[in-house]
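> What follows is a single structure, and I will ask about it in a moment.
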Amino acid sequence: MKTDFRSAGLTASEYSAIRELLQREPNFAELRILGVMWSEHCSYKSTRRLLSLFPKDGEQVVQGPGENAGIVDAGDGWGIAFKVESHNHPSAVAPYQGAATGVGGIIRDILAMGARPAALMDGLCLGLKTSSRAAALADGIVKGIAGYGNAVGVPTIGGKTLYSECYNGNPLVNAMCLGTVKLDNIVSSRTALPGHLAVLIGSRTGRDGIAGAAFASSELSDDTRSSRPQVQIGDPFVEKLLIECCLEIHSKGLIVAMQDMGAAGITSSSSEIAAKSGTGIRIEADLVPLREKMEPWEIALSESQERMLLIAEPEHLDEIGSIAAKWQLECAAIGEVTDDGLFVMTSGGSTVVSLPAEMVGGGCPPVLWPSKRPSSETTLPDGGTGPLDSSVIRETLAAILRDPGISDKSAIYKQYDYMVQTGTVVPPGRSVSVFRVRQNGRLIGVTMEADPWKCSIDPFKGAAETFLKALRPLWLSGAAHLGMTNCLNYPSPENPENFWVLEESVKGLAAVAGDLSCPVVSGNVSLYNENPEGKIMPTPMVGVVGLFEKNLLPLEDQSASGREDIFLAGDLPGALEGSLFARLTGNGVHEGRISYDPAKESSFMSRALETARGDLATCARPIAGGGLLTALSRICISSNMGLTLLLEPPEITPGLLFGEWGPRAVYLVPEGSLNGFLETWDGFPVKKIGFTGGSSLSIGDREILPVKKMQKCWRVE
Amino acid sequence: MNTSVIVFPGSNCDLDVVHAISSALGTQADLVWHDDNELPQGTELVVLPGGFSYGDYLRCGAMAAKSPIIRAVIEHAGSGLPVLGICNGFQVLTETGLLPGALLANRTLSFICDFCHVRVERNDTPFTSLYRKGQVLRIPIAHYEGMYFLPGDELAKIETANRIVFRYCSPEGEVDDSFSPNGALNCIAGITNEAGNVLGMMPHPERASESILGSVDGLPLWQSLSRWLEGRNRS
């Protein structure tokens with residue numbers, strides 16, 4: 001067969017690098033394999049250099065990037081393994097299966113660490129509901145997450161959902177999974193030794209998803225619908241069996257190393273184990289249980305779901321086989337670990353692939369795309385702002401509460417079983433999701449954030465603010481952050497302006513990770529998120545995991561009794577640039593100064609933690625999307641309680657009521673805690689702005705909206 | 001209380017039930033594999049847990065009802081000892097014939113996970129003796145197929161025989177179709193067999209057995225069972 005590097009997805013320079021490394025021409029199968037393994041999706045060739053900017057270390061970090069997932073210490077000998085991963089391209093083509101297999105894939109990443117998958121979070125960036133295609137994609141994505149997550153028995157405890165036209169044809173599905181693992185029982189993928197067997201457990205291998213990784217490394221085109229064969233089909237029932245089976249095998253101490261089979265299937269999982277362990281590996285294609293007749297290169301690259309690769313000692317094969325049989329799963333020794341450093345595949349007794357294992361996964365030369373600051377930033381017209389009268393405040397607030405990014409998401413999350421495993425302490429729909437580690441009783445807080453509008457305005461500060469928006473609610477609830485995972489969703493890096501934005505965003509995230517000691521322990525990159533209608537906004541999706549002190553319950557974020565004073569901790573006005581207010585009204589587009597002030601964030605963090613731990617407030621809520629009035633409205637809506645703000649007319653500005661950015665929070669403080677609260681916040685901007693009670697949200701003696709009306713708006717009734 | 005929790009391939013609430021019983025009563029429940037032919041010696045309570053047995057790829061519960069262990073479960077029920085089916089376990093019980101009726105797709109045609117309210121209709125069963133009759137429980141549901149259905153004449157029969165144990169209701173205890181999350185006939189959330197020792201229920205008591213999870217209204221169910229079994233052992 002003629003070898004054509006271009007149809008395999010390689011560039012001319014990559015092809016010559018291959019010939020250089022091999023000192024020969026690659027054969028057809030090798031070319032196909034390298035085409036996939038050197039794709040953006042598998043090789044991170046455009047971003048490897050950028051990702052090295054992330055601070056990765058901390059005393060709480062047990063496992064940083066480089067494994068299937070990161071692990072942080074959750075106390076008492078237990079760790080939390082977690083990672084977020086994108087499944088954007090498949091979800092744009094086949095929303096149900098794309099989202100479902102995204103969930104399945106990230107669960108196996110956690111399982112590969114020897115952890116029991118304990119919770120899921122979903123970051124969804126969806127198109128506008130006014131587009132029927134976007135609405136259909138959104139519906140399919142939610143149903144896919146529900147269909148898979150519910151059956152597999154891992155609760156979906158929260159996430160982030162936002163809507164913009166730029167995602168109409170290119171929705172983002174970022175699935176995050178968290179698992180619990182005993183720290184002395186972590187599985188690695190770098191511990192294989194020559195003579196060990198490579199054991200494949202799970203579904204039979206078929207022709208699905210071949211070269212899916214390469215598909216995810218280019219723009220979606222008009223004929224994308226013909227890409228269906230590159231989308232995998234998920235089977236959550238088999239995944240559930242696979243989880244229990246692998247954990248049972250692991251509990252008996254029979255696993256030397258483990259790797260899930262995601263992108264590029266057998267090739268990536270086996271070559272990665274070999275490369276990381278400093279060994280070689282030989283796979284016999286004829287030993288792989290197949291669903292249909294397939295060529296060796298297809299077997300090597302199939303992305304059939306629900307498969308795991310285990311490395312085990314030969315004498316344990318029978319016991320592993322009988323556990324797999326109990327769980328009704330296929331189990332086959334398909335090869336062995338060697339000492340020659342080569343990834344070899346044989347078929348019918350002859351060698352069809354022989355490549356240095358190191359080269360398969362890590363050999364792709366990095367690509368240094370040119371970077372250019374966008375020259376002429378389009379200046380948006382600004383309607384300007386002034387003092388607001390009550391009727392304008394009323395209309396604006398009603399519009400914000402009805403905005404799909406702010407309004408009630410229960411129609412989505414009630415389709416997810418968010419309670420299975422009986423660990424969900426704070427359910428979806430709140431500023432922090434909290435679950436209990438059953439093994440040690442400790443509570444873990446999780447947040448997910450994205451704010452593409454702010455990243456569009458200033459990618460450095462916007463990405464930093466995104467990260468901080470994920471951190472602040474944890475601090476307010478009383479959880480100290482342990483680590484961060486992220487998914488970098490961007491358009492094509494080949495456009496210099498796009499690449500500059502990506503670079504700046506990574507620097508922004510890295511700055512926060514370093515300044516506030518929240519190391520990046522895992523992550524994923526999804527580039528080429530564009531289609532003929534346009535490209536997505538820069539969308540870094542950040543997930544943060546935090547730990548509560550023993551016996552400390554999370555501070556409430558939406559309860560009021562009618563007997564509290566309301567405090568604003570932080571600057572009175574926030575900035576309007578990139579705010580929901582500016583987007584909805586076209587006013588204040590350039591109002592307020594956006595900044596990243598790590599010292600101020602750190603000061604906010606320690607006071608917020610002290611407030612929660614000292615039980616000095618009954619409710620705390622970060623001021624984020626929609627600003628102060630939106631945060632207060634959410635408290636009113638949930639607690640069915642009104643409040644009055646004591647503000648003088650000159651203070652009643654859009655910046656105060658609707659501004660965003662920076663460390664700002666609303667606190668409800670009962671009388672008995674006033675002194676302690678004020679002492680804690682001494683030295684930081686803090687001001688009493690009102691009190692709870694009544695049945696409306698009022699400013700002074702002017703009613704803005706009755707609680708009943710706010711509830712109707714928020715529920716879009 | 002000697003409890004056997006049956007594990008089918010695809011069960012996913014088995015460990016939750018074990019945990020709830022352990023935290024409620026301090027006793028350890030056994031996990032029993034569906035492929036076994038016998039229940040462990042001395043089993044007093046059998047629980048069929050929630051989940052997606054066999055992926056629910058056929059009718060929910062239909063495959064599990066053919067598992068080897070089911071014959072032992074039927075014998076156990078025949079001996080008068082309690083059998084509890086929760087959610088998917090309820091579906092399995094209807095498929096085995098231990099309980100009448102079927103669970104159809106929710107009228108919303110979507111999966112629903114939420115807290116709901118049910119009213120205790122009977123407190124003369126091994127499962128409910130520590131509840132008050134008419135007591136309202138706040139308890140979670142999580143299912144796609146939870147709409148209890150039975151042909152009209154059979155429905156009348158089980159109503160006459162007083163076999164309804166739980167009905168969906170308002171927080172104040174008013175039973176009305178508008179408070180039924182899934183459209184179950186007569187708002188039925190749980191029923192027993194004629195003898196009263198086999199209970200099938202869609203709500204999850206194991207998810208309402210610890211205050212940190214937002215409700216302890218499921219606790220008396222485990223405590224009732226434990227007390228009933230103690231009384232039986234004494235007599």
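> Check every one of the helices (runs of 4 or more DSSP H) wholly within region A:556-658 and list those with 3 or more residues that are over 21 Å from A:P706 (Cα atoms).
Once the helices (runs of 4 or more DSSP H) in region A:556-658 are filtered for at least 3 residues that are over 21 Å from A:P706 (Cα atoms), what remains is A:580-585, A:598-613.
> Which count do you get for residues in region B:207-231 that are surrounded by fewer than 19 Cβ atoms within 10 Å (Cβ to Cβ), in contact with an Asp or Glu (Cβ under 8 Å, 6 or more places away or on another chain) and assigned to a helix (DSSP H, G or I)? Reasoning before the result, please.
We begin by selecting, within region B:207-231, every residue surrounded by fewer than 19 Cβ atoms within 10 Å (Cβ to Cβ); these are B:211-212, B:214-216, B:223, B:227, B:229-231.
So of that shortlist, the ones also in contact with an Asp or Glu (Cβ under 8 Å, 6 or more places away or on another chain) come out as B:216, B:229.
Keeping just the survivors that are assigned to a helix (DSSP H, G or I) gives B:229.
Looking only at that region, the number is 1.
> Every residue in region A:110-137 that is within 14 Å of another protein chain (Cβ to nearest Cβ) and either farther than 23 Å from A:T424 by Cα or over 17 Å from the mean Cα position of the chain (by Cα) (or both), please.
Scanning region A:110-137 gives a single hit, A:R116.
> Which pairs turn up if I take residues in region A:31-48 that are touching a residue at least 60 places away in the same chain (Cβ under 8 Å) and look for partners that are of a type in the set (F, W, Y) and part of a helix (DSSP H, G or I) with beta carbon separation below 7 Å, at least 6 apart in sequence or on another chain?
Filtered contacts from region A:31-48: A:R32/A:W297; A:I33/A:W297.
> Take region A:474-490 and flag every residue that is closer than 14 Å to A:E449 by Cβ and assigned to a strand (DSSP E or B).
A:H481, A:M484, A:T485, A:N486, A:C487, A:L488, A:N489
> Hey, which of the strands (runs of 3 or more DSSP E) in region A:404-451, taking only ones fully inside, have at least 2 residues that are touching an Asp or Glu at 6+ places or on another chain (Cβ under 8 Å) and at the interface with chain B (Cβ under 7 Å from one of its Cβ atoms)?
Output list is empty.
> Condition (residue is touching a Ser or Thr at 6+ places or on another chain (Cβ under 7 Å), within 28 Å of A:G144 (Cα to Cα) and of a type in the set (S, T, N, Q)) applied to region A:414-430: is it met by at least one residue?
yes
> In region A:62-94, which residue that is in a loop (DSSP other than H, G, I, E, B) and under 27 Å from A:E303 (Cα atoms) is nearest to the chain's Cα centre (by Cα)?
A:H87
> Further question on the same structure: Can you name every one of the strands (runs of 3 or more DSSP E) wholly within region A:292-361 that holds 2 or more residues which are more than 22 Å from A:G202 (Cβ to Cβ)? Spell out how you get there, then give the answer.
Values: elements: A:307-312, A:330-338, A:342-347, A:350-356.
In region A:292-361, A:342-347, A:350-356 are the strands (runs of 3 or more DSSP E) which contain 2 or more residues that are more than 22 Å from A:G202 (Cβ to Cβ).
> Same structure, new question: Could you tell me whether region A:41-61 includes any residue that is of a type in the set (D, E, K, R) and either in contact with an Asp or Glu (Cβ under 7 Å, 6 or more places away or on another chain) or in a strand (DSSP E or B) (or both)?
No, because not a single residue in region A:41-61 is of a type in the set (D, E, K, R) and either in contact with an Asp or Glu (Cβ under 7 Å, 6 or more places away or on another chain) or in a strand (DSSP E or B) (or both).
> Of all residues in region B:155-187 being in a helix (DSSP H, G or I) and touching a Cys at 6+ places or on another chain (Cβ under 8 Å), which is surrounded by the most Cβ atoms within 10 Å (Cβ to Cβ)?
B:C187
> Kindly indicate whether any position in region A:652-665 is in contact with a strand residue (DSSP E or B) (Cβ under 8 Å, 6 or more places away or on another chain) and either farther than 25 Å from A:L388 by Cα or surrounded by fewer than 22 Cβ atoms within 10 Å (Cβ to Cβ) (or both).
Yes - at least one qualifying residue is present in region A:652-665.
> Another one. For region B:120-137, which residues satisfy the criterion of being over 21 Å from B:G89 (Cβ atoms) and not in a loop (DSSP other than H, G, I, E, B)?
B:V136
Residues are listed down the side, and each one gets a yes or a no for (1) farther than 22 Å from A:R373 by Cβ; (2) in contact with a Cys (Cβ under 6 Å, 6 or more places away or on another chain):
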position: A:P473; (1), (2): yes, no
position: A:L476; (1), (2): yes, no
position: A:H481; (1), (2): yes, yes
position: A:Y490; (1), (2): no, no
position: A:N495; (1), (2): no, no
position: A:L502; (1), (2): no, no
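> If I go through region A:514-553 residue by residue, how many of them are over 23 Å from A:D122 (Cβ atoms) and of a type in the set (S, T, N, Q)?
Counting residues in region A:514-553 that are over 23 Å from A:D122 (Cβ atoms) and of a type in the set (S, T, N, Q) gives 2.
> Let me ask you something else. How many residues are touching a residue at least 60 places away in the same chain (Cβ under 8 Å), more than 18 Å from A:S606 (Cβ to Cβ) and either buried (at least 24 other Cβ atoms within 10 Å of the Cβ) or touching a strand residue (DSSP E or B) at 6+ places or on another chain (Cβ under 7 Å) (or both) if we restrict to region A:433-458?
18
> Of the residues A:T618, A:T630, which is within 30 Å of A:E549 (Cα to Cα), under 31 Å from the mean Cα position of the chain (by Cα) and surrounded by fewer than 21 Cβ atoms within 10 Å (Cβ to Cβ)?
Among A:T618, A:T630, only A:T618 is within 30 Å of A:E549 (Cα to Cα), under 31 Å from the mean Cα position of the chain (by Cα) and surrounded by fewer than 21 Cβ atoms within 10 Å (Cβ to Cβ).
> Here is a follow-up. What number of residues within region A:227-256 are more than 14 Å from chain B (Cβ to nearest Cβ), buried (at least 23 other Cβ atoms within 10 Å of the Cβ) and either modelled with pLDDT of 95 or more or touching a Cys at 6+ places or on another chain (Cβ under 6 Å) (or both)?
3
> Here's a follow-up. Checking A:L329 against (1) buried (at least 20 other Cβ atoms within 10 Å of the Cβ); (2) touching a Ser or Thr at 6+ places or on another chain (Cβ under 6 Å); (3) over 16 Å from A:T351 (Cα atoms), which single condition isn't satisfied?
With respect to (1) buried (at least 20 other Cβ atoms within 10 Å of the Cβ); (2) touching a Ser or Thr at 6+ places or on another chain (Cβ under 6 Å); (3) over 16 Å from A:T351 (Cα atoms), A:L329 is out only on (2).
> Now for a separate question. Do the conditions hold for B:G190, that is, is it away from every other protein chain (no Cβ under 14 Å), outside any loop (DSSP other than H, G, I, E, B) and either in contact with a Gly (Cβ under 7 Å, 6 or more places away or on another chain) or buried (at least 23 other Cβ atoms within 10 Å of the Cβ) (or both)?
yes
> List pairs: first residue in region B:103-115 and within 11 Å of chain A (Cβ to nearest Cβ) and of a type in the set (F, W, Y), second residue assigned to a strand (DSSP E or B) and surrounded by 14 or more Cβ atoms within 10 Å (Cβ to Cβ) anywhere in the structure, Cβ distance under 6 angstrom, at least six positions apart or on different chains.
Close Cβ pairs (under 6 Å, with a partner that is assigned to a strand (DSSP E or B) and surrounded by 14 or more Cβ atoms within 10 Å (Cβ to Cβ)) amount to B:F115/B:R138; B:F115/B:P140.
The values are calculated or read from the model by the stated rules, or taken from the named source; none is laboratory data. Because the structure is predicted, anything quoted here is derived from the model rather than measured. With ideal geometry, Cβ positions are generated from the backbone for all residues, glycine too; neighbour counts draw on all protein chains shown.
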